[in-house]
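Engineer: One structure follows; several queries about it will come next.
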Amino acid sequence: MATSYSRLITNHTFMISIPEASALNGVTTLNGSPDIVLIADSTLGAVWRANVATGDYSIAIESPLFTNTSTSGRGINGVHTVGEMLYFTNSAQESFGRVPVTGDGSAAGEVELLGTPPASYDDFAIDQGGNAWIATHPNSLTEWTSEGTSSNITGNAESIEMIQPTAVNFGRGSTQEESTLYMTTYGGQIIAINV
């Protein structure tokens, strides 16, 4: 089945068809290369490189740490670049990791696991201090500090304050907004958390 990815970036809409893709999921821009995006493929266990100016695409990185190891889950899910690092979550492997990348999105080193807690991670955001805030199933938010420790910030398996969180992002435009984390959930919620 052909998969397309369409996204608005800097007021330009592009559409790239990637027929070989299986389940495109998270997407991130590549620092220093404004025309290149990296896209997680949750089923293939790979990261695609796509050039939004030319429409060219190819697999940039493959790793066993990206694969889907369950029959009902997703493999690599959220992806974000910070500096020369690509951070990722893998929902099926319940892991959070990173890999150094080059200017074209290829791996510049080994894929590294930062943690494997017993939790299914979805999308995430990284704050200015280098801490990752991860939407965590079934009903919580996990913080991974830049020192490599994790903690459950709010919610738990029985929580109804956040029902199956899926994505998080920091606000923009003011100091207060930049310290406010917005979360969407399968339960139809939009939650604002001051961090």
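The values are calculated or read from the model by the stated rules, or taken from the named source; none is laboratory data. Since the model is a prediction, treat every value here as computed from it, not as a measurement. Counting neighbours? That spans all protein chains shown, and the Cβs are built from the backbone with ideal geometry, glycine included.
Engineer: Is there a residue being within 12 Å of the chain's Cα centre (by Cα), closer than 27 Å to residue 128 by Cβ and crowded, with 21+ Cβ neighbours inside 10 Å anywhere in the stretch 56-64?
Structural biologist: no
Engineer: Any chance you could count how many residues in the stretch 47-90 are out of contact with any strand residue (DSSP E or B) (no Cβ under 9 Å at 6 or more places or on another chain) and more than 17 Å from residue 114 (Cβ to Cβ)?
Structural biologist: Counting residues in the stretch 47-90 that are out of contact with any strand residue (DSSP E or B) (no Cβ under 9 Å at 6 or more places or on another chain) and more than 17 Å from residue 114 (Cβ to Cβ) gives 3.
Engineer: Here's a follow-up. List pairs: first in the stretch 173-195 and closer than 16 Å to residue 132 by Cβ and at pLDDT 90 or above, second assigned to a strand (DSSP E or B) and of a type in the set (A, V, I, L, M), Cβ under 6 Å, 6+ apart or cross-chain?
Structural biologist: 181/168; 181/193; 182/192; 183/168; 183/191
Engineer: For the stretch 79-100, check the following and say yes or no: at least one residue is touching a Leu at 6+ places or on another chain (Cβ under 7 Å) and among the aromatic types (Phe, Trp, Tyr).
Structural biologist: The answer is yes, given that some residue of the stretch 79-100 is touching a Leu at 6+ places or on another chain (Cβ under 7 Å) and among the aromatic types (Phe, Trp, Tyr).
Engineer: Among (1) on the phi < 0 side of the Ramachandran plot; (2) assigned to a loop (DSSP other than H, G, I, E, B), there is one condition residue 79 misses while meeting the rest; what is its number?
Structural biologist: (2)
Engineer: Under 14 Å from the mean Cα position of the chain (by Cα), more than 19 Å from residue 30 (Cα to Cα) and crowded, with 19+ Cβ neighbours inside 10 Å: is that true of residue 87 in this structure? Working first, answer last.
Structural biologist: Working: under 14 Å from the mean Cα position of the chain (by Cα): yes; more than 19 Å from residue 30 (Cα to Cα): no; crowded, with 19+ Cβ neighbours inside 10 Å: yes.
When the stated conditions are applied, residue 87 does not pass them.
Engineer: Could you grab me the full set of residues in the stretch 106-153 that are modelled with pLDDT of 85 or more, β-branched (Val, Ile, Thr) and more than 22 Å from residue 27 (Cβ to Cβ)?
Structural biologist: 145
Engineer: I'd like to know if the stretch 143-161 contains one or more residues that are buried (at least 16 other Cβ atoms within 10 Å of the Cβ) and at positive phi.
Structural biologist: yes
Engineer: Which of the residues that make up the stretch 106-141 are more than 21 Å from residue 179 (Cα to Cα) and buried (at least 17 other Cβ atoms within 10 Å of the Cβ)? Walk me through it before giving the result.
Structural biologist: Taking the stretch 106-141 first, the residues more than 21 Å from residue 179 (Cα to Cα) are 106-121, 137-139.
Answer for the stretch 106-141, where residues must be more than 21 Å from residue 179 (Cα to Cα) and buried (at least 17 other Cβ atoms within 10 Å of the Cβ): 111, 115, 119, 120, 121, 137, 139.
Engineer: A further question on this structure: I need a count of the residues in the stretch 64-90 that are under 16 Å from residue 22 (Cβ atoms), among the small types (Gly, Ala, Ser) and in contact (Cβ under 8 Å) with a residue 40 or more places away in the chain. Give the derivation first.
Structural biologist: Narrowing the stretch 64-90 to residues under 16 Å from residue 22 (Cβ atoms): 66-77, 79, 90.
Filter once more, keeping what is among the small types (Gly, Ala, Ser): 70, 72-73, 75.
Filter once more, so that each one left must be in contact (Cβ under 8 Å) with a residue 40 or more places away in the chain: 73.
Final tally of qualifying residues: 1.
Engineer: Go through the stretch 116-136 residue by residue and tally those that are assigned to a strand (DSSP E or B) and either touching a residue at least 40 places away in the same chain (Cβ under 8 Å) or touching a Pro at 6+ places or on another chain (Cβ under 6 Å) (or both). I'd like the intermediate steps shown before the answer.
Structural biologist: From the stretch 116-136, those assigned to a strand (DSSP E or B) are 120-126, 132-136; that's our starting set.
Then keep just the ones that are either touching a residue at least 40 places away in the same chain (Cβ under 8 Å) or touching a Pro at 6+ places or on another chain (Cβ under 6 Å) (or both); that gives 120-126, 132-135.
Residues that pass the stated criteria total 11.
Engineer: What number of residues within the stretch 22-41 satisfy the criterion of being crowded, with 18+ Cβ neighbours inside 10 Å and small (Gly, Ala, Ser)?
Structural biologist: The total comes to 2.
Engineer: Follow-up. One residue is enough: does the stretch 23-42 have a residue meeting the conditions at pLDDT 90 or above, over 20 Å from residue 87 (Cβ atoms) and not in a strand (DSSP E or B)?
Structural biologist: Taking every residue of the stretch 23-42 in turn, none turns out to be at pLDDT 90 or above, over 20 Å from residue 87 (Cβ atoms) and not in a strand (DSSP E or B).
Engineer: Right, next: Scan the stretch 51-69 for residues that are part of a loop (DSSP other than H, G, I, E, B) and under 15 Å from residue 89 (Cα atoms) and jot them down.
Structural biologist: 63, 67, 68, 69
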